[in-house]
1. Taking the options A128, A219, A146, A133, name whichever one is more than 19 Å from V84 (Cα to Cα), touching a strand residue (DSSP E or B) at 6+ places or on another chain (Cβ under 7 Å) and among the hydrophobic types (A, V, I, L, M, F, W, C).
2. Based on this model, can you work out whether L85 counts as open to solvent by less than 40 Å² (accessible area, probe 1.4 Å), of a type outside the set (F, W, Y), under 26 Å from A146 (Cβ atoms) and at pLDDT 95 or above?
3. Restricting to segment 102-130, and then to whatever is more than 17 Å from G187 (Cα to Cα) and among the acidic types (D, E), can you tell me which residue is surrounded by the fewest Cβ atoms within 10 Å (Cβ to Cβ)?
4. Residue by residue through segment 1-30, note down the ones that are open to solvent by 40 Å² or more (accessible area, probe 1.4 Å) and either in contact with a strand residue (DSSP E or B) (Cβ under 6 Å, 6 or more places away or on another chain) or outside any helix (DSSP H, G or I) (or both).
5. Could you check, for segment 51-68, whether at least one of its residues is surrounded by fewer than 17 Cβ atoms within 10 Å (Cβ to Cβ), in contact with a Leu (Cβ under 6 Å, 6 or more places away or on another chain) and not in a helix (DSSP H, G or I)?
6. Go through (1) outside any helix (DSSP H, G or I); (2) modelled with pLDDT under 95; (3) touching a Ser or Thr at 6+ places or on another chain (Cβ under 8 Å); (4) of a type outside the set (A, V, I, L, M, F, W, C) and name the single condition D124 misses.
7. Across segment 168-183, which residue is most open to solvent (accessible area, probe 1.4 Å) among those that are among the polar types (S, T, N, Q) and free of Cβ contacts under 8 Å to residues at least 40 places away in the same chain?
8. For segment 41-50, name all the residues that are open to solvent by less than 50 Å² (accessible area, probe 1.4 Å) and out of contact with any Pro (no Cβ under 8 Å at 6 or more places or on another chain).
Amino acid sequence: MDEIRSWKHVFKLDPNKAIADEDLAKVCESGTDAVIVGGTDDVTLDDTLYLLSRIRRFSVSCALEVSNPEALSPGFDYYFIPSVLNSRKVDWVIGHHHRAVQEWADLMDWEEIVTEGYCIVNADSKAAQHTDAETNLSPEAIRSYALIADRLFRLPIFYLEYSGAYGDPDVVRLVGESLSEAQFFYGGGICDRRKAEEMAQYADTIVVGNAIYDDLKKALQTVKAVKSQR
């Protein structure tokens, strides 16, 4: 977890989306602190293994965000386990996790496993729809989920996910000011240098995903934008 606390910028790659070798090299050699492999739709073991094998040609740290237990694979540095705190379905809070531990507890390396307390707030996102997240939340309600992750459950990461939409900087600032122990991940709509700089003022770690596939040149600029604030 000590290494993760040093992360300021990470790229998230979706195993279900194509990326050319040349573009992948630019991502992995950009100076980003890590690459997270994860997605919502049709994440398969074959696609995950293929992407992992390509990333492993580079020295960048690599984590698997587990959305489909059937796509679990050895070879990652870390395994991020999302618990969607604002889901209406208990499966996304603890149910899937309980079944996975029942099946694989004796095979798990607990030092590599990191729990993320997720709060998904974009109602139009696939992630919110897939997990049946309650997204009609006031800033104080979002802050309360952050405090639950940080103070009550003592989770190592709180992840505020706008998933494709750019979030409210005032809300992100409120959350950042409220957390004391949890690493604050922010993801959503960071597609250029300005937005990366703005959110990096408040969150510990900026996650850039969709921009890789929409405009790689601008996505790569977010690395320097975040690192310049150190």
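The values are calculated or read from the model by the stated rules, or taken from the named source; none is laboratory data. It should be emphasised that the depicted structure is a prediction, and the values quoted were computed from it without experimental measurement. Counting neighbours? That spans all protein chains shown, and the Cβs are built from the backbone with ideal geometry, glycine included. Accessible surface areas use protein heavy atoms only, side chains included; no ligands, DNA or RNA. Shrake-Rupley method; radii C 1.70, N 1.55, O 1.52, S 1.80 Å.
1. Working: A128 fails: more than 19 Å from V84 (Cα to Cα); A146 fails: more than 19 Å from V84 (Cα to Cα); A133 fails: more than 19 Å from V84 (Cα to Cα).
A219 is the lone residue from the list that is more than 19 Å from V84 (Cα to Cα), touching a strand residue (DSSP E or B) at 6+ places or on another chain (Cβ under 7 Å) and among the hydrophobic types (A, V, I, L, M, F, W, C).
2. For L85, the condition - open to solvent by less than 40 Å² (accessible area, probe 1.4 Å), of a type outside the set (F, W, Y), under 26 Å from A146 (Cβ atoms) and at pLDDT 95 or above - is met.
3. Within segment 102-130, the match that is surrounded by the fewest Cβ atoms within 10 Å (Cβ to Cβ) is D106.
4. M1, R5, S6, K8, N16, K17, A18, A20, E29, listed by residue number.
5. no
6. With (1) outside any helix (DSSP H, G or I); (2) modelled with pLDDT under 95; (3) touching a Ser or Thr at 6+ places or on another chain (Cβ under 8 Å); (4) of a type outside the set (A, V, I, L, M, F, W, C) applied to D124, the lone miss is (3).
7. My answer is S180.
8. Matches in segment 41-50: none.
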